[in-house]
Amino acid sequence: MAIATVEHVERRARVLKALDGAVGLVLSGDVAQPLHGPWSADPYFTYLTGLRDEAGAGVLFDARAEDPRLACVLLLKPRNPEMEVWDGYRDPISLALRERLGFTSIKRTGELPRLLTQALRLRKRAACLHPFAVYDGPVSPDLALFRRVAERVPGVAIEDRTNLLRKMRAVKSEAEIALMRRAARVTHKGYARLLAMLAPGVGEQQVQRVLDEVFASQGGGHAYGPIVGSGLNGTVLHYKANRGPVGEGDLVVIDAGASVEGYACDVTRTFPASGRFTPDQRAVYEVVLRAQEAGIAAVRPGARLSDADRAARDAIEAAGFGDFYPHGIGHQLGLEVHDATPDDPLEPGMVVTIEPGVYLPDRALGVRIEDDILVTPAGGENLTASIPKSIEAIELAMRR
Ligand code: GLY
Ligand code: MN
Ligand code: MN
């Protein structure tokens, strides 16, 4: 089951309340180029509406609207019957659509300039909900529109409320956690299948195909571009060619996770192609595993990801590999693989990845181990723990 409409209604009600009379706007993003692959709405828009395929749309929040039905308005771009022949057929605005999406008010985007300008003329407070861009990136979409209104309406104050949706998205509901557990189960099935076929002589591409097939057959897909890197390729952090051979003595780094109803799983495992770790590989693997366990143990309410990073990094530095762990410990996970990241420390309901690694190109040897940890009141629950990770469990699973 996907997220229920009523949960989207509740999310919007929370935003409306938290805005405390300020006007907010969340936009789905521009229309994609035709033939450029699947388009997906801005995840902040999807989070509030459940809609993934409505380009050029928005949600306008104005809690003090005179007509309470206009406190939260869904704006959809106009229908264009000639374009629908190219891009697909779209719904008319109707009672059925309002009920399906849980909005009391759906309008066409042609009304946005008037509605937004009027709301800001009366309320004088515009709340930025989309994250701010870094200064050499494009200005965030709501801020760009608020500035255009502020040029025409004196006295509009623009506020930073960017932590509001980030925080809401980071703390997962029961329904979201259930979907993430499903994504973890599908991911486990993919790894179980590839453990049964991984051997010297297979190609990285064949390994990826196993994952493609399992994820697709379970109603999911890849949550992100998968990495299957054997030997030297396993030392390249964002390797994505997945076209090399798997050699006899290689370690194979596989970073792949399924997506279910838009929610991501993100797992990395490192397996010996031969089914047995050499003493050399075992030594490095044990360091990374110890570091990862230390990182996971540091996940608890009130901690920060930097605490987990420190714990894992200490273990890697103590083993003399400090210069070979060039990335951070992990990230929030959810609707996006690198999910909305609030300013606040960890809280129950957040899901983070813990993924230290050691990469030794001179030895054509890379090791990364990544799990998804749900923050609980007591600490953390590893959602991906069932995927073989200890040396014994991996060698057992690969014994044929
Ligand atoms: N798969 C992307 C990451 O681990 O962050
Ligand atoms: Mn990953
Ligand atoms: Mn990750």
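Observations
- Considering residues of segment 179-214 that are within 20 Å of the chain's Cα centre (by Cα) and small (G, A, S) only, the residue surrounded by the fewest Cβ atoms within 10 Å (Cβ to Cβ): A184
- Residues of segment 125-149 classified as surrounded by fewer than 20 Cβ atoms within 10 Å (Cβ to Cβ) and assigned to a loop (DSSP other than H, G, I, E, B), total: 10
- Residue pairs whose Cβ atoms lie under 8 Å apart, separated by 6 or more positions or on different chains, with the first residue in segment 42-67 and closer than 16 Å to I93 by Cβ and the second open to solvent by 40 Å² or more (accessible area, probe 1.4 Å), are E54/K77; G56/D30; G56/V31; G56/K77; A57/K77.
- No other residue among G334, G366 is within 14 Å of ligand 1 (Cβ to nearest atom) and either outside any loop (DSSP other than H, G, I, E, B) or within 23 Å of E248 (Cα to Cα) (or both) apart from G366.
For (1) surrounded by fewer than 17 Cβ atoms within 10 Å (Cβ to Cβ); (2) in contact (Cβ under 8 Å) with a residue 12 or more places away in the chain; (3) more than 16 Å from ligand 2 (Cβ to nearest atom), each residue gets a yes or a no:
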site: I316; (1), (2), (3): no, yes, yes
site: G330; (1), (2), (3): no, yes, no
site: V337; (1), (2), (3): no, yes, no
site: D343; (1), (2), (3): yes, yes, yes
site: M350; (1), (2), (3): no, yes, yes
site: G357; (1), (2), (3): no, yes, no
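- Candidates S105, S28, S40: the one that is modelled with pLDDT under 95, within 21 Å of A4 (Cα to Cα) and buried (at least 16 other Cβ atoms within 10 Å of the Cβ) is S40.
- Pairs with Cβ under 6 Å, 6+ apart, first in segment 222-243 and closer than 15 Å to L194 by Cβ and open to solvent by less than 40 Å² (accessible area, probe 1.4 Å), second more than 16 Å from ligand 3 (Cβ to nearest atom) and part of a loop (DSSP other than H, G, I, E, B): V228/N242; S230/G244; S230/V246; S230/D250
The values are calculated or read from the model by the stated rules, or taken from the named source; none is laboratory data. Being a predicted model, the structure only gives us computed values, none of them experimental. Because the Cβ atoms are built from the backbone with ideal geometry, glycine has one as well, and the counts that use them run over all protein chains shown. For accessibility, only protein heavy atoms count, side chains too; no ligands or nucleic acids. Shrake-Rupley method; radii C 1.70, N 1.55, O 1.52, S 1.80 Å.
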